[in-house]
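Below: the structure, in structure tokens.
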Amino acid sequence: MEAAAEAPGGSAALSCFSYNQDCTSLAIGTTTGYRLFSLSSVEQLDQVHESNEIPDVYIVERLFSSSLVVVVSHAKPQQMNVYHFKKGTEICNYSYSSNILSIRLNRQRLVVCLEESIYIHNIKDMKLLKTILDTPPNTTGLCALSINHANSYLAYPGSATNGEIALYDGNTLKTACTIPAHDGPLAALAFNSTGSKLASASEKGTVIRVFSIPGGQKLYEFRRGMKRYVNISSLVFSMDSQFLCASSNTETVHIFKLEHLTDSRPEEPPTWSGYMGKMFQAATNYLPAQVSGMMNQDRAFATVRLNISGQRNICALSTIQKLPRLLVTTSDGHLYIYNLDPQDGGECVLIKKHSLLGSGKMEENTENDLRPPLPQSYAATVARQSTVPSTSTMPGYSEDGGALRGEVIPEHEFATGPVCLDDENEFPPIILCRGGQPGKAKRS
């Protein structure tokens, strides 16, 4: 969680910010609520939604470009609220035994990370599927969830003293493996879009490694720098998995290219630098493996020099208007958009700067309130007043697996494949609520 940044003129401070799973949307939390932006244009930043119902938001996560958004507030840091923001209805809320540190989503799973436990929910009905208890102390809530629902792996620190990664299969609900990634404690984790690669960085921030999933073999090792230790604040793959971006508390953003170097490279011209390069390469064959490995590590393919240093920031690699872009959101409330040259790399060029704390242009709502009524949806069903007594102070699910608000929905009532959250007829539709045994959540 980053420190709040006061905006000019005393307007709302930016307390949190996150991109959605495919980097097509940006969510920010402020002292007055939260806002959602569309990232479909370079020149114009469209505000999709703004809510001032919950103040002091410090976690806000949107599921792809759907209407589902998850919010956590400083007022109730142990409670997760799930909303259908287009309808303005609460789908459910869940309370936990300690403060929520982070939340991760894909089309099958919703993961809630506490300091010493992790909760895994089925996103179709918000039923609690698994509680991973007694995890190593994780004060920052570091975890990563693959956005590919068919390859739904979860990664989190396996140790508080070294860089071991615990890999968990979110579909089978079983431990997959442990990966000895770094000597020091972990600082950042990120899956690629298919869930077949996992990138990691330690608290030193000098080396970034990429592993195969689920096997855990090391595929790449990139050196961010050796001059000083940094705090890696953002680690993200491009959607095509060709690039990996890392940002920190320094002014430099590094972009690495994931490509295998082969021995069949074209012959270099007979220049002095080429000659010295060959000598350097040959010399590494006679050095200890640890030294030669460090010398062979690939450096950044492209870089960005920010005008700020020391501020929290997050990055995304996205295609906007058919061109590759680097997006940098900073804690002072700005979004920077850079052009990225996918062939030659080099210094990225700043092409646009947006303020996230201005009024923002709302996208037009073309929905017609006079349309024929749609079939009862899941969101509307669980938001209805229940006759079952609840100990929760707010309507919604409690930590008993979801039985207090609409019975657990049998699996055969769902459509094949992931739930389509943009379809009003499927969220998923509840035709008949059959009786079910509530699953009891075990508190850590």
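Per-residue SASA remark: Glu203, around 100 Å² accessible (1.4 Å probe; ligands, DNA and RNA not included). Taking amide hydrogens as placed 1.01 Å from N in the peptide plane, the amide H of Thr252 sits under 5 Å from those of Leu306, each at least 5 positions away in sequence or on another chain.
Sequence-ordered 3J(HN,Hα) estimates for segment 246-252 from the Karplus curve with 6.51, -1.76 and 1.60 and θ = phi - 60° stand at 9, 10, 8, 7, 9, 8, 10 Hz, glycine and proline given as x.
For segment 326-342, putting each phi into the Karplus relation 6.51 cos²θ - 1.76 cosθ + 1.60 with θ = phi - 60° gives couplings of 10, 10, 10, 9, 10, 6, 7, x, 10, 10, 9, 10, 10, 7, 10, 7, x Hz, in residue order, rounded to whole numbers and with x for Gly and Pro. Computed extension gain for Ser38 through Ala150, at 0.36 nm per residue and net of the alpha carbon distance, reaches 37.7 nm. You can think of it this way: the chain between Thr252 and Thr194 has 18.1 nm of extra reach, that is 0.36 nm per residue less the Cα-Cα gap. If the segment from Leu219 to Thr140 were pulled out straight at 0.36 nm per residue, it would be longer than the present Cα-Cα gap by 25.8 nm. Amide hydrogen proximity for Phe243: with H placed 1.01 Å from N in the peptide plane, the residues at 5 or more positions away or on another chain lying under 5 Å are Ser238, Leu258. Packing, taken as the mean count of other beta carbons within 10 Å per residue, orders the peptides 302-315, 114-127 from highest to lowest as 114-127, 302-315.
Residues whose amide H falls under 5 Å from that of Ile320, counting only those 5 or more places apart or on a different chain, are Arg325, with hydrogens built in the peptide plane.
Shape summary: segment 1-152 maps onto an equivalent ellipsoid whose semi-axes, from the alpha-carbon gyration tensor, are 24, 19, 15 Å in decreasing order.
Think of a 1.4 Å ball rolled over the protein heavy atoms: segment 132-249 then has 39 Å² of accessible area per residue.
Please find the FRET efficiency linking Gln78 to Ser159, where r is the Cβ-Cβ separation and R0 is fixed at 25 Å, and quote it to the nearest 0.05. E(calc), rounded to 0.05, equals 0.45. In the full protein context, segment 8-121 carries 29 Å² of accessible surface per residue, based on a 1.4 Å probe and ignoring ligands, DNA and RNA.
Among the listed pairs Lys322/Lys352; Lys197/Lys353; Lys130/Lys218; Lys127/Lys174, a Cα-Cα separation exceeding 21 Å is found for Lys197/Lys353; Lys130/Lys218.
The values are calculated or read from the model by the stated rules, or taken from the named source; none is laboratory data. Keep in mind that what you see is a predicted model, and the values were worked out from it rather than measured. Counting neighbours? That spans all protein chains shown, and the Cβs are built from the backbone with ideal geometry, glycine included. Note: areas computed on protein heavy atoms with side chains; ligands, DNA, RNA excluded. Shrake-Rupley method; radii C 1.70, N 1.55, O 1.52, S 1.80 Å.
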